[in-house]
Amino acid sequence: MDPIIKTEKLTHVYGAGTPFEHTAIDGIDFEAERGEFIGIIGHTGSGKSTFIQHLNGLIKPTSGRVLLDGHDIFETKERTRETRFRVGLVFQYPEYQLFEETVYKDISFGPKNMKLSEREIDERVREAAGFAGLSEDTFEKSPFDLSGGQKRRTAIAGVMAMRPEVLIFDEPTAGLDPSGCKELMTNIMNYREKTGTTIIMVSHSMEDVARTADRLLVFKNAHIVMQGSPSDVFSHVAELKTMGLTVPRVTLVALRLRELGLPIPKDIYTVEHLKNAIVQLREEGYHA
Amino acid sequence: MLKDVTLGQFFPGDTVVHRLDPRTKLILVIVYIVALFAAKTYAAYALVMIVLIVCVSLSQIRFTTIMKGVKPILIVILITGILNLFFTQGEHVIFRLWKLTMTWEGVRTAALMILRLIMLINGTFLLTYTTSPIALTDGLELLLSPLKKLRFPVHELAMMMSIALRFIPTLIEETDKIMSAQKARGADFDTGGIVQRAKAMLPLLVPLFVSAFRRADELSVAMESRCYHGGEGRTRMKKLTFARRDFGALILGAVFLAAVFALNRVWK
Ligand SMILES: Nc1ncnc2c1ncn2[C@@H]1O[C@H](COP(=O)(O)OP(=O)(O)O)[C@@H](O)[C@H]1O
Ligand SMILES: [Mg+2]
């Protein structure tokens, strides 16, 4: 099957021609299959946010192309605009973009811009709020009166309500407490299961993406330096560490056990994995 | 787009111009402006321009960068030019059209006025390009400190200025971010009539104000919890000191001003 979204030699230079010239991404070739869940990790400043803002046409590449369903999204103005609705982007700290008087109105901002009918809008707002984990009794409240977590859910619902084919998150769990993170990740996984949306998620939390992504991309200094399944990527612990990335803690535990001489596989990245590996060792009659 | 606003932007560097004490630079900019407005003859104008070019070269800032500062007020400059062109009284008429008269005197005045405005902006931008905002407000505070005797709130003014300058880039960045976020939800800031455009600004302005107030609140808490209580007894982390180059620069500034006045008399 053809990839739903694809980039060719995508390069972006900020402040070209000034003393602050900086190449934020350099020749990125990327493809996402329909329904895939892609995790993007990388140190701060490695170009992740710049990259994903190209995917819905918010930033124009200095060179290279972005193809949605095989068509260049910058071909005409109309196409770029249409892309905004087909590729949803939830920014980092999206709660700072809320502006309407009520939660309901804020969530309906996107669908309204799509010029949908009242009925269609209403249906989408309710559906999106459900996916984002917002109860309907918040609808008439001011978004500014909500808790931090609820604000973020409102903002996420606002993008989900456009029913994008590709949904991109930039660090969706940043600044949430552990239980908030977990709930949000569950909501997102649930949303994906029900809608089949392609998801691209930038995350600083290795645990989050390790457990959920089909494929991981590792960004470093404007390039993709590593990609593959989570187990591929996390079997390169030493390299990840030199990039200043934190590896899931259980991967470190597994690594330490290997160093101590236990024949545990290299690609452990969830507690579940490690448990299974240890149970298997016991069954094989291994005693420490 | 908003990134083009370079007002108050500082380009770090290590040239003589960068190293001068901010007080020296402030005084020299005033000297420069006085000279610019005092210049009446071509020779005097030429001298001011040469001095500007030498200073910009010394600072190693590109001329194109310096010229960028002119862009935001190009309209003002053009209107000034046009007004001067048609409303200057003169004898040597080029043409008459209904009530408009264009004279050679008008052309001359307009050209000089445009040149003067552009050079005025270039000079002041050279100051902000080569002096960090902190150094600039520190310098201003020290220069104005005699006014404290008259109970003029010099410290508070300088503090307000440095906070404002500090937050200009932050607010620009924030505006860009919110704009992008709303565009991602299909907001359209560039098309439609005036009413429609004004309405389209709402999703930008509300979050911007909310965040500005939040920042102000956080900053005041942070300042108070570090016992900030105004200028009394405050010491500085970086003490400004006049070096030999500052005295040299000030002397050159005085010579320059005198030369401009002299040239005004010599070549009429
Ligand atoms: N609007 C901008 N103007 C200039 N430079 C920028 C801008 N946005 C990001 N950068 C620079 O581009 C690089 C990549 O930034 P970004 O894409 O935000 O990285 P990440 O999301 O991985 O932290 C950084 O060095 C950053 O300073
Ligand atoms: Mg980022």
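Here the stretch A:26-57 is the region considered, the condition is being away from ligand 2 (no atom under 16 Å from the Cβ) and part of a loop (DSSP other than H, G, I, E, B), and the residue that is surrounded by the most Cβ atoms within 10 Å (Cβ to Cβ) is A:57. Applying the criterion of at least 1 residues that are touching an Asp or Glu at 6+ places or on another chain (Cβ under 8 Å), of a type in the set (Lys, Arg) and away from ligand 1 (no atom under 16 Å from the Cβ) to the strands (runs of 3 or more DSSP E) found wholly in the stretch A:174-272 leaves A:215-220. Given the conditions (1) away from every other protein chain (no Cβ under 14 Å); (2) more than 16 Å from ligand 1 (Cβ to nearest atom); (3) not aromatic (Phe, Trp, Tyr), report the number of the one that residue A:40 does not fulfil. Only one criterion in (1) away from every other protein chain (no Cβ under 14 Å); (2) more than 16 Å from ligand 1 (Cβ to nearest atom); (3) not aromatic (Phe, Trp, Tyr) is unmet by residue A:40, namely (2). Of the residues making up the stretch B:49-70, those that are within 14 Å of chain A (Cβ to nearest Cβ) and more than 18 Å from residue B:131 (Cβ to Cβ) are B:63, B:64, B:67. Considering every residue within the stretch B:181-193, establish whether at least one is surrounded by fewer than 14 Cβ atoms within 10 Å (Cβ to Cβ) and away from chain A (no Cβ under 12 Å). Yes; the residues of the stretch B:181-193 include at least one that is surrounded by fewer than 14 Cβ atoms within 10 Å (Cβ to Cβ) and away from chain A (no Cβ under 12 Å). Considering only residues in the stretch A:185-222 that are surrounded by 16 or more Cβ atoms within 10 Å (Cβ to Cβ), within 16 Å of ligand 2 (Cβ to nearest atom) and over 15 Å from the mean Cα position of the chain (by Cα), the one that is nearest to the other protein chains (Cβ to nearest Cβ) turns out to be A:222. In the stretch B:238-250, the qualifying residues are those that are under 24 Å from the mean Cα position of the chain (by Cα) and among the aliphatic types (A, V, I, L, M), and the one that is surrounded by the most Cβ atoms within 10 Å (Cβ to Cβ) is B:249. Could you grab the pairs with beta carbons closer than 6 Å, sequence gap of 6+ or different chains, first residue in the stretch A:11-37 and over 14 Å from residue A:217 (Cβ atoms), second one acidic (Asp, Glu)? Correct list of pairs: A:11/A:26; A:15/A:21. One residue alone among A:139, A:109, A:144 is in contact (Cβ under 8 Å) with a residue 12 or more places away in the chain, more than 22 Å from residue A:195 (Cβ to Cβ) and among the aromatic types (Phe, Trp, Tyr), and that residue is A:144. Kindly indicate whether residue A:99 is in contact with a Lys or Arg (Cβ under 6 Å, 6 or more places away or on another chain), facing chain B (nearest Cβ under 8 Å) and either more than 16 Å from residue A:167 (Cα to Cα) or at pLDDT 95 or above (or both). No: the conditions fail for residue A:99.
Results for (1) within 29 Å of residue B:234 (Cβ to Cβ); (2) under 28 Å from the mean Cα position of the chain (by Cα); (3) free of Cβ contacts under 8 Å to residues at least 40 places away in the same chain, shown as yes or no for each residue.
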position: B:167; (1), (2), (3): yes, yes, no
position: B:184; (1), (2), (3): no, no, yes
position: B:196; (1), (2), (3): no, no, yes
position: B:199; (1), (2), (3): no, no, yes
position: B:209; (1), (2), (3): no, yes, yes
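Comparison of A:21, A:8, A:82, A:75 shows that the only residue that is away from ligand 1 (no atom under 16 Å from the Cβ), within 14 Å of another protein chain (Cβ to nearest Cβ) and over 17 Å from the mean Cα position of the chain (by Cα) is A:82.
The values are calculated or read from the model by the stated rules, or taken from the named source; none is laboratory data. All values reported here derive from a predicted model rather than from experimental measurement. FYI the Cβ positions are ideal-geometry reconstructions off the backbone, even for glycines, and counts take in every protein chain you see.
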